[in-house]
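The values are calculated or read from the model by the stated rules, or taken from the named source; none is laboratory data. Everything numeric here is computed off the predicted structure, so don't read it as measured data. Neighbour counts are summed over all protein chains in view; Cβ atoms, including those assigned to glycine, are modelled from backbone coordinates with ideal geometry. In case anyone asks, the SASA skips ligands and DNA or RNA and just uses the protein heavy atoms, side chains included. Shrake-Rupley method; radii C 1.70, N 1.55, O 1.52, S 1.80 Å.
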Amino acid sequence: MRGKRKHVYQHIIEDLKRQIAEGKIRHDEPLPTQIELARMYNTSEITSRRALAELANEGIISRTRGKGSFLKQETERTAFNGLQQRAELSQIYFVYNNEIASAYHHRFFSDLLTGIKEECELHGIPFYIWGMDDEFQMPEGDDIGIILHPHLKNGNEMPLDLLRQWKEEGKRLVTVHFYYPHLQIPYVIVDNFVGGYLATEHLLSLGHERIGIILTGKSPVEMNQEFALRLQGYKLALTQHRVAFDLELVCVLDGERESEQMGAEGLNRLMSLEQRPTAIFATSDSKAIGAIKAAGKRGLLVPDDVSIIGYDDILVSQFTIPSLTTINQNTLLLGKRAAQILLFERKSEQMRDEIVPQLIIRSSTGEAKTASPEYST
């Protein structure tokens, strides 16, 4: 990632954030207009407008037509607190379990780590990753921040007693991807409930009513947080469109990691039903790609005979045939927010944030046909 060139609007954002943290921009004074910013940074108004829009999207400023852009009061306070806290942190670590290191090649984690790295570089804080063994040894130091991914192999999570111990020891922790409200550890997660909803609502908007879902877990009532929440989002979308929830369309497969084989098995089960689905929500891209391949082997066209949507937006999803409609988890922002909580925001046991994923529409989903084609197994 060395040598990656930043756009001009990103430099404007970084400089404005620095001025906010140093107290040079206050909430009771308007920010420079987009015309003034364009002159200050020798760029176009389109570029300066985008910089202001990005700051507004991050919740740092508010924009009012005819009045200008203003720093939110809460942002000003957290910026000053963050400036003081930043001096207390010498480095930030992303801590994970060594047993699942291979999973970190996934886009979810590459974007997550990139987001943490970029935010740390922006504020001159060294960033490292730390792999724990079975003894769960943490990096030492009173002046370090820890972004913890508490997932273990086989879908398990780090023991609650261990997390409670770290909290009681005063470690500066933020968990990502998983959260523990009763322990009151700050966390940042991708909103898997919304992600499941967006995927299902997209299929419903295309006229599909009989929608299968392929999940990872031991049973419909025994799966980890992310898949349980995606299932809940699926159910809410059905409810809002007045489509009855049918347990027969819920296919749960047990596995240590996501695979195309799981997707193929899920599609074959669903398409063997007497009343088969016209669309399938595979809750990972790996499963979705496997489902597309299995559909082809059964003589089914995607999306003509069955629409398929995935989840993750991994790199290859845009190159499949057909290209895969999917959910991008927006984990670059997840990493940035985790670092920001450690660096800038007041130490609070109630600190939490949920990142909204994005629907990426490609070619694997299409409108439902009024009548399903004849099909035999």
Considering only region 207-226, I want to know if a residue exists there that is of a type outside the set (A, V, I, L, M), in contact with a Pro (Cβ under 7 Å, 6 or more places away or on another chain), surrounded by 17 or more Cβ atoms within 10 Å (Cβ to Cβ) and within 25 Å of residue 363 (Cβ to Cβ). yes
In region 110-152, the residues that are exposed (fewer than 13 other Cβ atoms within 10 Å of the Cβ) and over 23 Å from residue 344 (Cα atoms): 133, 134, 135, 137
Which numbered condition in (1) over 19 Å from residue 330 (Cβ atoms); (2) basic (Lys, Arg); (3) out of contact with any Asp or Glu (no Cβ under 9 Å at 6 or more places or on another chain) is the only one that residue 210 fails? (3)
Scan region 11-25 and report the pairs whose first residue is under 18 Å from residue 50 (Cβ atoms) and among the hydrophobic types (A, V, I, L, M, F, W, C) and whose second residue is surrounded by 21 or more Cβ atoms within 10 Å (Cβ to Cβ) and at pLDDT 80 or above, with Cβ atoms within less than 6 Å and a gap of 6+ or a chain change. 12/51; 13/51
Are any residues in region 338-366 under 17 Å from the mean Cα position of the chain (by Cα), of a type outside the set (Val, Ile, Thr) and either at pLDDT 90 or above or not in a helix (DSSP H, G or I) (or both), and if so, which ones? 338, 339, 352, 353, 354, 357, 358, 359
Hits in region 310-325 - residues which are outside any loop (DSSP other than H, G, I, E, B), open to solvent by less than 10 Å² (accessible area, probe 1.4 Å) and without any contact (Cβ under 8 Å) to a residue 60 or more places away in the chain: 317
Residue under question is residue 165, and the condition is that it be more than 29 Å from residue 265 (Cα to Cα) and either in a helix (DSSP H, G or I) or aromatic (Phe, Trp, Tyr) (or both); does it hold? yes
I'd like the full set of residues that are under 21 Å from residue 220 (Cα atoms), among the hydrophobic types (A, V, I, L, M, F, W, C) and either in contact with a Ser or Thr (Cβ under 6 Å, 6 or more places away or on another chain) or open to solvent by 60 Å² or more (accessible area, probe 1.4 Å) (or both), limited to region 282-309. 308, 309
Region 230-273 - residue that is charged (D, E, K, R) and closer than 15 Å to residue 216 by Cβ and, of those, modelled with the lowest pLDDT: 256
Return a yes/no flag: does region 89-100 have any residue that is out of contact with any helix residue (DSSP H, G or I) (no Cβ under 9 Å at 6 or more places or on another chain) and modelled with pLDDT under 80. yes
